[in-house]
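**Q** Could you have a look at this structure, given as structure tokens, before my questions?
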Amino acid sequence: MKHGALTILPLALGAAVYGFAFGLLAAQVGFPSWGVGLMSASVHAGSSQIVAVEQFATTGTVLGAVLAGAALNLRYVGMIASLSDVLVGLSWRWKILAIHVTGDENWALTMAERAKSTDVGAAFLLGSGFVMISVWTASTVAGAATGAVLPDLERFGLGFAFTAAFIAMARGVWRGRSQALPWVTAAGATVATVSLGVPQAYGIVVGALIGLAACALMRRKSVAVA
């Protein structure tokens, strides 16, 4: 656990930056700092939190915000499934805790370290996860507390923070042109759906489903070629 906690620190510092930005903007649309902290500790998924808050601020509907956040979190189904070997031997309580503290950063780091040594397992995942959720929650609360006393983020050039955070996260998961088809189809489907007047949250759900379909098609083709 100590090894995981120390190894994740550089990634945690990066997450703290857009966590602070998220807290700033969440406060500006009316979320209290305690609410931001509760969301970060219980949801612990930066991208879905960002889009849920943005959706709620735009439409004021809880259902739309939940659907938007859930659509972005569909990837966790596959990510957690890939950790089945890591979680073997843990009690169901520890498995639930490990799943909750698993995020993009510590999942990717755990898988990368396991590729080097199969001795890396649940302890590494938990140690890195505890650091990530602690840093993320603290940074979002700090941002919310700061945002509550700032009169207008646009005056400080921070209105672009949500978009900038998404660009940074998207760049981190980009795997090259060979994986471009799901990205393009998902983006195209989302834009087309929203252009028809459908609420943005539902557009994200449609885009996610179309992107998954494109992934399935790519996998079938690769299996057929093999």
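The values are calculated or read from the model by the stated rules, or taken from the named source; none is laboratory data. Quantities reported herein were computed from a predicted structural model and do not represent experimental measurements. Positions of Cβ are backbone-derived with ideal geometry, glycine not excepted, and every protein chain shown enters the neighbour counts. Remember, those area values only see protein heavy atoms, side chains included, never the ligands or the DNA or RNA. Shrake-Rupley method; radii C 1.70, N 1.55, O 1.52, S 1.80 Å.
**Q** Restricting the search to segment 1-23, which residues are closer than 16 Å to A52 by Cα and open to solvent by 10 Å² or more (accessible area, probe 1.4 Å)?
**A** Of all residues in segment 1-23, those closer than 16 Å to A52 by Cα come to 18-19, 21-23.
Those that are closer than 16 Å to A52 by Cα and open to solvent by 10 Å² or more (accessible area, probe 1.4 Å): Y18, A21.
**Q** Tell me yes or no: at least one residue of segment 95-108 is surrounded by 16 or more Cβ atoms within 10 Å (Cβ to Cβ), farther than 21 Å from H3 by Cβ and not polar (S, T, N, Q).
**A** Checked against the condition, which is being surrounded by 16 or more Cβ atoms within 10 Å (Cβ to Cβ), farther than 21 Å from H3 by Cβ and not polar (S, T, N, Q), segment 95-108 yields no hits at all.
**Q** Counting only residues that are hydroxyl-bearing (S, T, Y) and closer than 21 Å to V120 by Cβ, how many does segment 1-25 have?
**A** The first filter runs over segment 1-25 and keeps only residues hydroxyl-bearing (S, T, Y), leaving 7, 18.
In the following step, the residues that additionally are closer than 21 Å to V120 by Cβ were identified as 7.
Residues in segment 1-25 being hydroxyl-bearing (S, T, Y) and closer than 21 Å to V120 by Cβ: 1 in total.
**Q** Still on this model: Got a sec? Which helices (runs of 4 or more DSSP H) wholly within segment 5-123 have at least 3 residues that are among the hydroxyl-bearing types (S, T, Y) and under 25 Å from P199 (Cα atoms)?
**A** On the way: elements: 9-28, 33-42, 46-59, 62-72, 75-81, 84-87, 92-101, 104-116.
Where helices (runs of 4 or more DSSP H) fall fully within segment 5-123 and carry at least 3 residues being among the hydroxyl-bearing types (S, T, Y) and under 25 Å from P199 (Cα atoms), they are 46-59.
**Q** Please verify whether I167 is at pLDDT below 90, crowded, with 16+ Cβ neighbours inside 10 Å and among the hydrophobic types (A, V, I, L, M, F, W, C), treating the condition exactly as stated.
**A** No.
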